[in-house]
Amino acid sequence: MTRFSANLGFLWTDRPLPDAIRAAKTAGFDAVECHWPYDTPASEVKLALAQTGLSMLGLNTVRGDVAAGEMGLSALPGRRDDALSAIVQAVSYADAIGAQAVHVMAGKCDGVEAEATFIENLSAACEIARRSGLTILIEPLNAFDAPGYFLGNTQQASTLIRQIDASNLKLMFDCYHVGRTEVDVAATLQKMLPIIGHIQFAAVPDRGAPDHGDVDFRRIFSLITELGWEHPLGAEYRPAGDTESSLGWMAKLR
Ligand SMILES: O=C(O)C(=O)CO
């Protein structure tokens, strides 16, 4: 049976994070994950996780100046201090709530200097995270949703992961982002499996619930099971209406 993690950056966004965790438990999710939990005291999130018995699989580093269009800091040349603060903040929060991974967001930039900056910051992030037993994730975002984002495809992520060579650095494989730009989700997933740390999904191309769209998630989830992957898969989709009414896919695809 496929196990699922509710991404609370997109699901149950109408309520405080601790209540969203409780709603995910009631709906039958096996774990949760989030984007930017920092406005909620870690003690409240920890309590909701303890009450529900759910694990928080991961959270993201802050994006920076969102109003100015920033989508992360770690590949931005000249922003080393901000990037390291974001990493320390995310690792401390993850540690406080017993989360498993931190997604370090690269930001919008390109070029050799950006790559060198990202490598330096990721190496530091892996070192800091290792002390708390945490995994660092990097996630390629598709160019339709995140134009100009430094990390644009799985091959680029794979090259970086091999180059940095830290045992706690892994790929966040989001079937949605891969499906938008890399065509064959199943083949790419199989190829990337050894470096994958977490898998997410949403319909392609509208990022809705996974029971429609161009990617056949019945087939993808069966493949993932056949490949021996046992961690919960992250439901990071945008419900068309309220979250409860969007959950029909769970019984169909489990
Ligand atoms: O878009 C995504 O998948 C992200 O995690 C960034 O919010």
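If I take every Cα pair under 8 Å that is 6 or more residues apart in the chain, average their sequence separation and divide by the length, what percent do I get for the relative contact order?
Value for the chain: 19 percent.
For the chain, what is the mean residue ellipticity at 222 nm derived from helices alone (per DSSP H run of n ≥ 4: -39500 (n - 2.57); sum divided by total residues; nearest 500 deg cm²/dmol)?
Per the formula, -12000 deg cm²/dmol.
Where does the charge balance sit around M250 when Lys and Arg score +1, Asp and Glu -1, over other residues with C-beta under 13 Å from its C-beta?
Neighbour charge sum, excluding M250 itself: +1.
Cut-off 10 angstrom, C-alpha nodes, Gaussian network model of the chain. Which of R238, R131, R63 fluctuates the most?
Highest fluctuation of the listed residues: R131.
With bins 10 Å wide starting at 0, give me the P(r) of the range 1-136 over every alpha carbon pair, in whole percents.
Result, from short to long distances: 13, 40, 31, 14, 2 percent.
Quick query: amide H of H103 versus all other amide H atoms, modeled in the peptide plane; which residues come in under 5 Å with a sequence gap of 5 or more or a different chain?
Counting only residues 5 or more places away or on other chains, the set is L59, N60, T61, L137.
Once you have the alpha carbon radius of gyration of the range 4-253, what is it after dividing by 2.2 N^0.38 Å, with N set to its residue count?
After normalising by residue count via 2.2 N^0.38 Å, the value is 0.95.
Per 10 Å bin from zero, what fraction in whole % of the C-alpha pairs of the range 65-174 is there, up to the bin with the longest pair?
Reading the bins upward from 0: 16, 50, 31, 3.
In debye, nearest 20: dipole of the range 1-123 around its Cα centre with unit charges on the Cβ of K, R (+) and D, E (-)?
460
Rule-based calculations on the coordinates, nothing more; no lab input. All of these numbers come straight from a predicted model, not from anything done at the bench. Quick reminder, even Gly has a Cβ in these numbers, built from the backbone with ideal geometry, and neighbours come from all protein chains shown.
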